[in-house]
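One structure follows; several queries about it will come next.
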Amino acid sequence: MTTLHSLHKHSICGSTAKLQYTNVLYTNVRSLTRGAKRDELKMLIDNHEIDIIGISETCGKADILDIEMEIPGFKLYRKDRATINNKKGGGVALYVKNKLQSLECND
């Protein structure tokens, strides 16, 4: 399931109000490192000018490097599922366009 949302941001520049949009995409990929999933995401990014991408079921593991999951022009934040009893799957990733300020919180 892929969901696309536009969030409205209002800012005032001088006496003229401007309306800006932040396009947010959420999807469950069932493994980001297999198949053409990243190519499909890149196509969605280009077609819909996506700014933030939230992904579940990345199936990331500690031995998969960030460079294997990166999307050019985006900062990657990821949290892989801890390996417990040899369970597979899980994991989440958040991609934030480089032009947006973002900060990782480890709380």
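Residues that are closer than 20 Å to residue 106 by Cα, modelled with pLDDT under 90, out of contact with any His (no Cβ under 6 Å at 6 or more places or on another chain) and of a type in the set (S, T, N, Q): does segment 31-48 have at least one? Before the answer, list the steps.
Pass one, segment 31-48, residues closer than 20 Å to residue 106 by Cα: none.
Looking for residues that are closer than 20 Å to residue 106 by Cα, modelled with pLDDT under 90, out of contact with any His (no Cβ under 6 Å at 6 or more places or on another chain) and of a type in the set (S, T, N, Q), one finds none in segment 31-48, hence no.
Another question about this same structure. Going through segment 85-100 one residue at a time, which ones are modelled with pLDDT of 90 or more and either surrounded by fewer than 10 Cβ atoms within 10 Å (Cβ to Cβ) or of a type in the set (Gly, Ala, Ser) (or both)?
So in segment 85-100, the residues modelled with pLDDT of 90 or more come out as 91-100.
The answer is 91, 93, 99.
Sort out which residues of segment 22-46 are of a type in the set (Ser, Thr, Tyr) and buried (at least 16 other Cβ atoms within 10 Å of the Cβ), and write them in order of number.
Answer for segment 22-46, where residues must be of a type in the set (Ser, Thr, Tyr) and buried (at least 16 other Cβ atoms within 10 Å of the Cβ): just 27.
Residues of segment 20-43 being over 15 Å from residue 91 (Cβ atoms) and of a type in the set (S, T, N, Q), which ones?
Passing the criteria: 20, 22, 23.
The values are calculated or read from the model by the stated rules, or taken from the named source; none is laboratory data. Since this is a predicted model, take the numbers as computed values, not measurements. Neighbour counts run over all protein chains shown; Cβ positions are idealised from the backbone, glycine included.
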